[in-house]
1. If A293 satisfies every condition in (1) within 16 Å of L354 (Cβ to Cβ); (2) surrounded by fewer than 16 Cβ atoms within 10 Å (Cβ to Cβ) but one, which is the exception?
2. Tell me which residues, restricted to segment 4-33, are among the β-branched types (V, I, T) and touching a helix residue (DSSP H, G or I) at 6+ places or on another chain (Cβ under 9 Å).
3. Please determine, by comparing only the residues of segment 258-290 that are among the small types (G, A, S) and surrounded by 19 or more Cβ atoms within 10 Å (Cβ to Cβ), which one is farthest from L354 (Cα to Cα).
4. So which of T238, T214 is part of a loop (DSSP other than H, G, I, E, B), of a type in the set (S, T, N, Q), buried (at least 16 other Cβ atoms within 10 Å of the Cβ) and in contact with a strand residue (DSSP E or B) (Cβ under 9 Å, 6 or more places away or on another chain)?
5. Against the condition closer than 20 Å to A350 by Cβ, β-branched (V, I, T) and in contact with a Phe, Trp or Tyr (Cβ under 8 Å, 6 or more places away or on another chain), how does V264 come out, does it pass?
6. Run down I313, I265 and say which single residue is part of a helix (DSSP H, G or I) and either in contact with a Leu (Cβ under 8 Å, 6 or more places away or on another chain) or free of Cβ contacts under 8 Å to residues at least 12 places away in the same chain (or both).
Amino acid sequence: MEVKDIIENLSPRERSEVNSNNIDSIQKLIPLLLKRVTPENVEPLASLLRKSVLPSICLDVDDKIEHLFIKIEANPQLLFKEEVQGKIEDFILKRFEADKKLVIEQTSDISKFVTLMGQYLNDAISSSGNGSKNVLSIKEKIQSIDLNANGLKELEQLQTELVSAAGSIEDEMDTVSDKLKSGKSKVQELEEKVKTLEEELTKSKSESMKDHLTGLLTRRAYDEEVKRIESHYKRSNTQYAVVFFDLDYFKKINDTYGHDCGDVILSTFAKILDKNTRDEDIVGRYGGEEFVAIVHFNLTRELLQYLKRIKTIVTSNSFLYKGNKIKVTFSAGVSIRPNHDSYENTIQKADMLLYEAKENGRDQIKLEDGRTIK
């Protein structure tokens, strides 16, 4: 047999390799032919291929594939025929398409179950006494699904189990509905109690921040507000002053007119501070007859105007108690936050300036730049 005749009987892949490698002699053809599967391996190869494509989900395709492989088992060399290889490829594609179609049909039935059970759960959750009726309706829908058409015994069993589960849930919903009805008034009662407690807590929190006598911030509430102001100061570099107030000779007022009078003086002085201090600033009772304010300002004259306004109101008026007109003065120390590296150092400076004001005769305001307001 000539080389040309041998090449014509090769497979297309082999002929392509012959052309690309310029094979033109028996000697050169031998390595190519040795690459072929040996006869003793063809039969196991055919069996392996058969197992890889069978069984299929679609029985119709299975029959056709099985018929082809019966022929191949009788003559394994058919695997190397282009016609047979084409049929195998065609059957595999048809098998995938048929299987995909059947899977879609089966999952469609399962999807119906999932949808119905989802609908049931939504209805059950939002049920307001009609739960049993809704569950019964859904159970009837599940029962109406015809699963036998596809001969899927697993889904038929699933249908039976779901119908049984729906019946059990129906019974449970009857019991739950009765309990909800009987407990409705208790729930409303609890809601009212919770609402009352919330109101009392809000009121209690608000009251705990205010001094009971003066209505100003308590020492503790003032310290909390200082944290907020300090945080803003560090972010925005805002400028504020700490003003320490102390009523002059307050012990003498208590000794002369009694503690009730002293309380009236404290309350009235607090009202003056509160009314003349802006909302963005804070003022609190620091302890006894001491008060402290944090006052923001851009220009120094704004701070001076605030201090002079408080001084004028207090010293130009008399405090009334049971027909007695009582003259009251105060001393104060003022420090500026940007002049110090912390709030603690700032308030310490204000306290020192207050002490100086008292030592220098009281009834005056000392600022850290050396100014005194009398």
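Read-outs throughout are calculated quantities, based only on the coordinates presented, and are distinct from any laboratory measurement. Please read these numbers as outputs of a predicted model, since none were measured by experiment. For neighbour counting, all protein chains shown are included, and Cβ atoms are generated from backbone atoms with ideal geometry for every residue, glycine included.
1. (2)
2. I6, I7, V18, I23, I26
3. By that ranking, first place goes to G262.
4. T214
5. In short, no.
6. Testing whether each residue is part of a helix (DSSP H, G or I) and either in contact with a Leu (Cβ under 8 Å, 6 or more places away or on another chain) or free of Cβ contacts under 8 Å to residues at least 12 places away in the same chain (or both) leaves just I265.
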